[in-house]
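One structure is given here, and the rest of the page talks about it.
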Amino acid sequence: MSPEQQSQLIEQCRTDPAAFGEVFDHWYKPVFGYVMRRTADYDLSKDIAAETFLKAFLKIGNFKWRGISLSAWLFRIATNELNQYYRNSKYKPQSLQQLLEDPQMEKLLRHQADDEKEIMENELRAYNDYDLIRKNLLKLDVKYQEVIALRYFEQKTNGEISQILDKNEGTVKSLLSRGLEKLRNML
């Protein structure tokens, strides 16, 4: 983002606080990455990055161009937050510095972030699949809902389901088979 664009964005933020969303969207990832590489702690990095942007939001009206870009200002706030964290904790930066000097560290941190994104996307897909199945399951007769829910959501065996519902194990198998077929047809 050019200095002129940054200047315009700052002016927008002064008159419309919602415009700060663009600052957040543009610089959150680089600031978070910086903090993550300094702390090697995902949760702590999220907290420090959040505090950085909260302070920037509260102080954006006082920002003046004095040879420092908006980006540098945000990184300065993040650095101050990191320094404050280290001053207030028993953490020993020396061991972190040694860890950060390892050339594999940046690769590891990037890999961890990619893994977390993939896990979250998979969980979202799994939730969407679960929600679709659950909604269709509710359309089935109660006798099918019970056996399918016990078998697949509660991980019960046919024998356990038989005992829970006081039904013959053969009946449970039959209800499962018919219920799953009906559910497949709905999906």
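Could we say that LYS182 is more than 30 Å from TYR42 (Cβ to Cβ), not assigned by TED's automatic domain parsing to the domain that holds LYS29 and not in a helix (DSSP H, G or I) here?
Taking the combined requirement at face value, the residue does not satisfy it.
The rows are residues; the columns are (1) part of a helix (DSSP H, G or I); (2) modelled with pLDDT of 80 or more; (3) outside the structural domain of LYS29 (by TED's automatic domain parsing); (4) touching a Gly at 6+ places or on another chain (Cβ under 9 Å).
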site: PHE53; (1), (2), (3), (4): yes, yes, no, no
site: PHE57; (1), (2), (3), (4): yes, yes, no, no
site: GLY61; (1), (2), (3), (4): yes, no, no, no
site: TRP65; (1), (2), (3), (4): no, no, no, no
site: TRP73; (1), (2), (3), (4): yes, yes, no, no
site: THR79; (1), (2), (3), (4): yes, yes, no, no
site: GLN84; (1), (2), (3), (4): yes, yes, no, no
site: TYR91; (1), (2), (3), (4): no, no, no, no
site: LEU96; (1), (2), (3), (4): yes, no, no, no
Are any of the residues in region 10-27 at pLDDT below 85, part of a helix (DSSP H, G or I), assigned by TED's automatic domain parsing to the domain that holds GLN84 and within 17 Å of GLN84 (Cβ to Cβ)?
no
Considering region 133-164 alone, what residues qualify as being of a type in the set (D, E, K, R), farther than 15 Å from SER177 by Cβ and surrounded by fewer than 16 Cβ atoms within 10 Å (Cβ to Cβ)?
ARG134, LYS135, LYS139, GLU154, GLU160
Could you list all residues from region 122-140 that are free of Cβ contacts under 8 Å to residues at least 24 places away in the same chain and part of a helix (DSSP H, G or I)?
ASN122, GLU123, LEU124, ARG125, ALA126, TYR127, ASN128, ASP129, TYR130, ASP131, ARG134, LYS135
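The values are calculated or read from the model by the stated rules, or taken from the named source; none is laboratory data. Here the structure is a predicted model, which means the values were calculated and not measured. Using ideal geometry, Cβ is built from the backbone for each residue, glycine included, and neighbour counts are taken over all protein chains shown.
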